[in-house]
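Visitor: Once you've had a glance at the structure underneath, I'll fire off some questions.
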Amino acid sequence: MIRYLLCIGLCAVVWIVNIKEIIHAVKKRIPSEIYIHAGLGLFFSIMTIEWTLGVFGYWERLNILWIKIIGFILFIPSVYLEWKSHEMLKHRANPADGKLDATTVFVDSGIYGIVRQPMTLGMAMWSIALILIFQSPLSLILGSACVLFFWLSATKEGEHNISKFGKAYRQYMQEVPMWNVLTGLLKKRRVTKNREEV
């Protein structure tokens, strides 16, 4: 009984925080923020439910060790993408009142020179990592929904940035992929090589 109450209490806190942010995003008419906070609410709900109930065998899990290891390894690049994108926005995007959703300067260098949406890519990778670590039907269903919400957030953020930064962002969208890190690295390498030749 205590585990159920703990699970419900923690999930309530997760959703109170995220619903507050969703309401703020609705008022400001920023769809990308609505999707990102819906995804974050689901992500932290998965963690809460799996750690308070799932680990005690309330439902079946596959528990395949090598899949779990891949999940834990996947956290490394996802945390890097998340941390690096926050740092770049905080220091280079001139966010109004320190809020990362209110940037005033367009950033297209560093990690943003490889992928346009490193933050949502990192969050999607977190979600996939949870699916691989927990290996339960619950984590598969809710984790897949998280990935979808983060993808929707990334696409809507592109639309928002076009209205904010105009032609420069449209050009940037043609040059830098949304989530494809490999393509982004290859394009960046080509651009660097061309500059060196000139």
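The values are calculated or read from the model by the stated rules, or taken from the named source; none is laboratory data. Treat the numbers as computed from the prediction; the structure is a model and nothing was measured. Note: ideal-geometry Cβ built from the backbone for every residue, glycine included; neighbour counts use all protein chains shown. Note: areas computed on protein heavy atoms with side chains; ligands, DNA, RNA excluded. Shrake-Rupley method; radii C 1.70, N 1.55, O 1.52, S 1.80 Å.
Visitor: Anything in the range 130-152 that is over 17 Å from CYS11 (Cα atoms), open to solvent by less than 10 Å² (accessible area, probe 1.4 Å) and under 12 Å from the mean Cα position of the chain (by Cα)? List them, or say none.
Guide: The one that is over 17 Å from CYS11 (Cα atoms), open to solvent by less than 10 Å² (accessible area, probe 1.4 Å) and under 12 Å from the mean Cα position of the chain (by Cα): PHE150.
Visitor: Those residues that are of a type in the set (D, E, K, R) and open to solvent by less than 60 Å² (accessible area, probe 1.4 Å), I need them from the range 157-195; list them, please.
Guide: Within the range 157-195, the first condition is being of a type in the set (D, E, K, R), and the residues that meet it are 157, 159, 164, 167, 170, 175, 187-190, 193, 195.
Within the range 157-195, just GLU157 meets the criteria.
Visitor: What do you reckon, is GLY9 assigned to a helix (DSSP H, G or I), small (Gly, Ala, Ser) and surrounded by fewer than 18 Cβ atoms within 10 Å (Cβ to Cβ)?
Guide: Taking the combined requirement at face value, the residue satisfies it.
Visitor: List every residue pair whose Cβ atoms sit under 6 Å apart, with the two residues 6 or more apart in sequence or on different chains, where the first one lies in the range 8-34 and is more than 20 Å from LEU152 (Cα to Cα) and the second, anywhere, is crowded, with 17+ Cβ neighbours inside 10 Å.
Guide: LEU10/THR48; CYS11/SER45; CYS11/THR48; VAL14/GLY41; VAL14/PHE44; VAL14/SER45
Visitor: Next up: Counting only residues that are in contact with a Ser or Thr (Cβ under 6 Å, 6 or more places away or on another chain) and not aromatic (Phe, Trp, Tyr), give me the helices (runs of 4 or more DSSP H) lying completely in the range 115-198 with at least 3 of them.
Guide: 118-134, 137-165
Visitor: Pairs, please: C-beta under 9 Å, at least 6 apart or cross-chain, first residue modelled with pLDDT of 90 or more and of a type in the set (D, E, K, R) and in the range 41-60, second assigned to a helix (DSSP H, G or I) and surrounded by 16 or more Cβ atoms within 10 Å (Cβ to Cβ)?
Guide: If the second residue must be assigned to a helix (DSSP H, G or I) and surrounded by 16 or more Cβ atoms within 10 Å (Cβ to Cβ), the pairs left are GLU50/LEU130; GLU50/ILE133; GLU50/PHE134; GLU50/LEU138; GLU50/SER139.
Visitor: Within the range 24-75, restricting attention to residues that are of a type in the set (Asp, Glu) and part of a helix (DSSP H, G or I), which residue is least open to solvent (accessible area, probe 1.4 Å)?
Guide: Here the answer is GLU50.
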